[in-house]
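One structure is given below, encoded as structure tokens.
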Amino acid sequence: MNSWQLWRSVLAKDLRIAARRRSDALNPLMFLLMVVTLFPLGIGPGPDILERIAPGIIWVAALLATLLGLDRLFKDDYNDGSLEQLCLLPEPLAYTLTAKVAAHWLLSGLPLVLLSPLLALLLNLPVDAWWALALSLLLGTPALSALGAIGAALTLQLQRGGSLVSLILLPLFIPLLIFATSAVENAGMGLDVHAQLAILAAISVLTVTLAPLAIAAAVRMSMN
Amino acid sequence: MWRWLHPYAKPEATYRLVDKLLPWFAAFTVVSLAVGMIWGLAYAPADYQQGDSYRIIYIHVPSAIFSMAAYFAMAVMGAIALIWQIKTAEWAIPAIAPVGAAMTVVALLTGAIWGKPMWGTWWVWDARLTSELILLFLYVGVMALYYAFDDVRTGAKAASILAIVGVVNLPIIHYSVEWWNTLHQGATITKFERPSIATSMLWPLLVSLLGFKLLTISLVMMRFKNELLRHELHRPWAQKELSADKELSDGV
Amino acid sequence: MAFESFGEFLQMGGYGFYVWLSFFLSFLVIAGVALDAALGRRRLQRQSQTLQRRKRRLAKRQQSPVKESTR
């Protein structure tokens, strides 16, 4: 088995597990939908206010939803020993683990992108901003998954790592939040959004290339 | 080439070195801080725009700079700990993190207090204050992770990895916050320029910068000595060192 | 000297409260860190003493059965 086949089989395994336990993949999405519903109830349904704060709400909710799925990312593989097997293989661990990051993105990032028109509709976002929201999520969520995997790998040994993971990760998510919400806001006002989207893409590329090194180091550390 | 460094992987040798240097650093800290503060508070001229309130700069700016420098130093120690598996570098992380966090808190407090007479509110989402707040979160994350593990070495490694990830992200966070700040320049906030500073104000600032640098190093050294002793408590040299302190060993 | 009198120095041109509050709080935070380091050393001392006492006790207890067995 060469490393590409290994990569594909790791990805396929994660997807198959998710297909058998659909609620695990669906719960974060339902959570996202509910958080987005809470804001109009808390602030009032005035369309002006909602339109104004919609990008921020959707993105903050997306960050929180990403955190929800993280504790499962490596935990099962860690408990049944298959993660240790991956560490022992001659294939570079950092490369193999990107398959798990990709699986996480397919299960949590991509559904967010697909769900975004519905969220935009609920929060009264102008139609011009819909594609900007979808694009910002499409470009930003890979970085969320990659950074999230670092947090998940660092807290692998801990029984209750959940709150610690959020503590570690949320500060690192801030640049993405800033540029993504600004892109959506600009699109709503009919302004140019290429600059923000380009920066988002740059951050994602940088994160997805560098993060696997940290993920692999963190997984190795958790094995000792 | 690296041979001269090698003995300092040994805790006792490191302890002796730090112990020997600390009094000097502490003395110079006191002198330079006293000179910087008195010069800045009493002798530097008042700012023509902000009056005497600008004197807070003599703690705000140095603490902000060294809060970031301390994070960087912590990440360097983390890298050394991960690459060369040097235990003393691992122990430097819990020595540096609280000091850096304290510097961050000082920068936040002084920034907020400075903001009150200038902006009319205690907290404004100004670029520097916001990045300091995020830096505080990063410090909290590193410390929480370090102490979350039962095994000290695992905790140190986890904290090292996180510190390195944080240091890669720090410039991105810093510039994105700055960019965000120029974007959301509300009409109510009249952003005041940090004074483009005259030499009569600059000199005391440079002295207090030196003072805060030495202060940060001295505090880290104090904590680092404790960390060295804590991890070597079962070794004779540490026991001898501790029983040499008079007050306790005679009485209680 | 930027001030005419000591009273003026304390007033800081009307900003005295802010200037002195920020200096005072900063001093508190930094003194807190220094104090914590000093107290940390005391705690370590106490720990080391307990450790040594336990070691001595263990050594004594190991000696006495040996004596009994030789008798």
Turns out the helices (runs of 4 or more DSSP H) fully within segment A:88-176 with at least 2 residues that are over 15 Å from A:ILE58 (Cα atoms) and touching a residue at least 40 places away in the same chain (Cβ under 8 Å) are A:93-104, A:127-154
Within segment B:161-182, the residues that are facing another protein chain (nearest Cβ under 9 Å) and within 25 Å of A:ARG220 (Cα to Cα) are B:ILE161, B:LEU162, B:ILE164, B:VAL165, B:GLY166, B:VAL168, B:ASN169
Take the conditions crowded, with 21+ Cβ neighbours inside 10 Å and of a type in the set (A, V, I, L, M) and apply them to A:LEU176. Does it pass? yes
Inside segment B:68-120, the number of residues satisfying the requirement of being open to solvent by 10 Å² or more (accessible area, probe 1.4 Å), away from chain C (no Cβ under 12 Å) and under 10 Å from the mean Cα position of the chain (by Cα) is 4
When restricted to A:ALA152, A:ALA129, the only residue within 14 Å of another protein chain (Cβ to nearest Cβ) and of a type outside the set (S, T, N, Q) is A:ALA152
Of the candidates B:ASP150, B:ASP126, the one satisfying the condition of being at pLDDT below 90 and facing another protein chain (nearest Cβ under 10 Å) is B:ASP150
Quick count over segment C:1-56, residues being more than 9 Å from chain B (Cβ to nearest Cβ) and part of a loop (DSSP other than H, G, I, E, B), is 2
Within segment B:21-61, residues over 22 Å from B:ALA127 (Cα atoms), in contact (Cβ under 8 Å) with a residue 60 or more places away in the chain and at the interface with chain C (Cβ under 7 Å from one of its Cβ atoms) come out as B:TYR43, B:ALA44, B:PRO45
Note on B:THR182: of the conditions (1) at pLDDT below 85; (2) surrounded by 15 or more Cβ atoms within 10 Å (Cβ to Cβ); (3) under 26 Å from A:LEU206 (Cα atoms), unmet is (2)
Quick one: is A:ASP71 out of contact with any Asp or Glu (no Cβ under 6 Å at 6 or more places or on another chain), closer than 26 Å to A:LEU172 by Cα, modelled with pLDDT under 90 and open to solvent by 20 Å² or more (accessible area, probe 1.4 Å)?
-> yes
Reported set for segment A:179-200 where residues are in contact (Cβ under 8 Å) with a residue 12 or more places away in the chain and either surrounded by fewer than 18 Cβ atoms within 10 Å (Cβ to Cβ) or closer than 30 Å to B:PHE149 by Cα (or both) is A:GLY190
Scanning segment A:208-219 for residues that are more than 9 Å from chain B (Cβ to nearest Cβ) and touching a residue at least 60 places away in the same chain (Cβ under 8 Å), the one nearest to B:PHE137 (Cα to Cα) turns out to be A:ILE215
Residue hits (segment A:22-60; under 25 Å from A:THR98 (Cβ atoms) and surrounded by 12 or more Cβ atoms within 10 Å (Cβ to Cβ)) are A:ASP24, A:ALA25, A:LEU26, A:ASN27, A:PRO28, A:LEU29, A:LEU32, A:TRP59
Across segment B:18-67, the tally of residues that are touching a Phe, Trp or Tyr at 6+ places or on another chain (Cβ under 8 Å), open to solvent by 40 Å² or more (accessible area, probe 1.4 Å) and more than 25 Å from B:VAL105 (Cβ to Cβ) stands at 2
Within segment B:148-168, the residues that are without any contact (Cβ under 8 Å) to a residue 12 or more places away in the chain and either farther than 26 Å from B:ILE86 by Cβ or part of a helix (DSSP H, G or I) (or both) are B:ALA148, B:THR154, B:GLY155, B:VAL165, B:VAL168
Counting only residues in segment B:137-161 that are open to solvent by less than 20 Å² (accessible area, probe 1.4 Å) and among the small types (Gly, Ala, Ser), the one nearest to A:SER166 (Cα to Cα) is identified as B:GLY141
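The values are calculated or read from the model by the stated rules, or taken from the named source; none is laboratory data. Here the structure is a predicted model, which means the values were calculated and not measured. Neighbour counts run over all protein chains shown; Cβ positions are idealised from the backbone, glycine included. Surface areas here come from the heavy atoms of the whole protein model, side chains and all, with no ligands, DNA or RNA. Shrake-Rupley method; radii C 1.70, N 1.55, O 1.52, S 1.80 Å.
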